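Asks: Below are the structure tokens for one structure; questions will follow.
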Amino acid sequence: MYKKNGAVLVLSGPSGAGKSSLLKEIIEDIGECYFSISTTTRPIRGNEVDGIHYNFTTVEEFKKEIEADNFLEYATVHGNYYGTSLKPVREALNNGKLVLFDIDVQGNTAVNNRLGDITTSVFITPPTLSELKKRLEARSTDSQEVMTDRLKMAKREVQRISEYDYLVINDNLKVAADVLRQIAITARIKIPTDKINEFVQQWEDIEQ
Ligand code: ADP
Ligand code: 5GP
């Protein structure tokens, strides 16, 4: 009865929360997905690949894209621009895919304003700030200065957990992955308002 619908799953949470690790655990089990690659003006890091982790660009180019209205949302994080391009997201949604975003709390607000009726949002965090610190230290991809900055930002982001549909506490990886898997599967069957209206219309026609 329903046409194939695309849906959106927003993942937010401090860097080091385990978003990538959890996604790796569940990605084979949640059907056809499109992981949105953001555009950013921040400098590329050692282990990153342009076009895979981010589309890296200049401030000038980024501003041109803002003016052309190419972004679904964009924000400034740590003094750099980050944005989600609208076109590939629209294509993926039209193909019935679950679109995954790794974006910050500002991005979550913007996506909910524009695509709220097909969006499910999840905030992911380790059980405590000190555990987050331990994991960032163990991952050892950041300088001391960047790490201090990330921990400060994490404290601010955690204050906004209530803006999300779900909170996943990533203590034991397998347990948290089980929860996220269920959320992702359910996110896909969220029905947008226009589809509900369509269904009600059809349902009444069938009865007559
Ligand atoms: P994010 O993508 O949110 O920045 P990562 O997936 O890179 O986070 O995880 C940060 C670090 O924490 C990585 O070194 C990862 O192996 C580790 N990690 C992730 N989940 C857990 C967990 N449940 N317990 C212990 N370490 C974890
Ligand atoms: P990082 O520089 O560590 O990769 O990312 C910094 C922060 O920017 C993270 O919280 C990440 O979720 C967020 N981010 C990445 N891409 C986007 C985006 O396209 N839009 C928004 N609003 N935030 C983003």
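The values are calculated or read from the model by the stated rules, or taken from the named source; none is laboratory data. Computed from a predicted model, the values in this text were never measured in an experiment. Heads up, the Cβs are rebuilt from the backbone with ideal geometry, glycines too, and the neighbour counts pull from every protein chain shown. Note: accessible area is taken over every heavy atom of the protein model, side chains too, but ligands, DNA and RNA are not part of it. Shrake-Rupley method; radii C 1.70, N 1.55, O 1.52, S 1.80 Å.
Asks: Among the candidates L180, L136, which residue alone is within 16 Å of ligand 1 (Cβ to nearest atom), under 13 Å from the mean Cα position of the chain (by Cα) and either over 24 Å from A75 (Cβ atoms) or touching a residue at least 60 places away in the same chain (Cβ under 8 Å) (or both)? Please lay out each step first, then the result.
Replies: Working: L136 fails: under 13 Å from the mean Cα position of the chain (by Cα).
Exactly one of L180, L136 is within 16 Å of ligand 1 (Cβ to nearest atom), under 13 Å from the mean Cα position of the chain (by Cα) and either over 24 Å from A75 (Cβ atoms) or touching a residue at least 60 places away in the same chain (Cβ under 8 Å) (or both), namely L180.
Asks: If you check E28, E131, E32, E61, which single one turns out to be over 30 Å from T186 (Cβ atoms) and over 14 Å from the mean Cα position of the chain (by Cα)?
Replies: Matching residue, one of E28, E131, E32, E61: E61.
Asks: Consider only pairs whose beta carbons are under 7 Å apart and that are at least six residues apart or on different chains; among these, list those whose first residue lies in the stretch 139-165 and is under 18 Å from H78 (Cα atoms) and whose second residue is of a type in the set (V, I, T) and within 12 Å of ligand 1 (Cβ to nearest atom).
Replies: V158/T125
Asks: Still on this structure, I have one more. Identify, from the list T84, T120, the residue that is open to solvent by less than 60 Å² (accessible area, probe 1.4 Å), more than 15 Å from ligand 2 (Cβ to nearest atom) and assigned to a strand (DSSP E or B).
Replies: Numbers: T84 fails: more than 15 Å from ligand 2 (Cβ to nearest atom).
Going through T84, T120 in turn, the sole match is T120.
Asks: If you go through the stretch 97-117, how many residues are more than 14 Å from ligand 2 (Cβ to nearest atom), touching a residue at least 24 places away in the same chain (Cβ under 8 Å) and more than 12 Å from the chain's Cα centre (by Cα)?
Replies: 2
Asks: Quick check on L86: is it out of contact with any Pro (no Cβ under 6 Å at 6 or more places or on another chain) and free of Cβ contacts under 8 Å to residues at least 24 places away in the same chain?
Replies: yes
Asks: Here is a list of conditions, (1) open to solvent by less than 50 Å² (accessible area, probe 1.4 Å); (2) free of Cβ contacts under 8 Å to residues at least 40 places away in the same chain; (3) not in a helix (DSSP H, G or I), and D69 meets all of them except one; can you say which number that is?
Replies: Here D69 clears every test but (1).
Asks: If K190 meets every condition in (1) farther than 17 Å from V8 by Cβ; (2) under 17 Å from the mean Cα position of the chain (by Cα); (3) not in a helix (DSSP H, G or I) apart from one, which number is that one?
Replies: Looking at each condition in turn, K190 falls short on (1).
Asks: Looking only at the stretch 34-63, count how many residues are within 16 Å of ligand 1 (Cβ to nearest atom) and open to solvent by less than 40 Å² (accessible area, probe 1.4 Å).
Replies: Of the residues in the stretch 34-63, 5 are within 16 Å of ligand 1 (Cβ to nearest atom) and open to solvent by less than 40 Å² (accessible area, probe 1.4 Å).
Asks: Further question on the same structure: Test of understanding: among G79, G51, G16, which residue is in contact with a helix residue (DSSP H, G or I) (Cβ under 7 Å, 6 or more places away or on another chain) and either at pLDDT below 95 or small (G, A, S) (or both)?
Replies: Just one listed residue meets the conditions, G16.
Asks: Of all residues in the stretch 1-24, count the ones that are open to solvent by 60 Å² or more (accessible area, probe 1.4 Å) and part of a helix (DSSP H, G or I).
Replies: So the answer is 2.
Asks: Further, regarding this structure: Given Y34, Y54, which one is more than 13 Å from ligand 2 (Cβ to nearest atom), of a type outside the set (A, V, I, L, M, F, W, C), in contact with a strand residue (DSSP E or B) (Cβ under 8 Å, 6 or more places away or on another chain) and over 15 Å from I183 (Cα atoms)?
Replies: Y34
Asks: Being touching a helix residue (DSSP H, G or I) at 6+ places or on another chain (Cβ under 8 Å), open to solvent by 60 Å² or more (accessible area, probe 1.4 Å) and either assigned to a loop (DSSP other than H, G, I, E, B) or farther than 22 Å from E48 by Cβ (or both) is the filter here, so list the residues in the stretch 130-157 that pass it.
Replies: K133, K155
Asks: Only residues that are closer than 14 Å to T109 by Cβ and either outside any helix (DSSP H, G or I) or small (G, A, S) (or both): list them for the stretch 158-172, please.
Replies: Correct list: Q159, R160, S162, Y164, D165.
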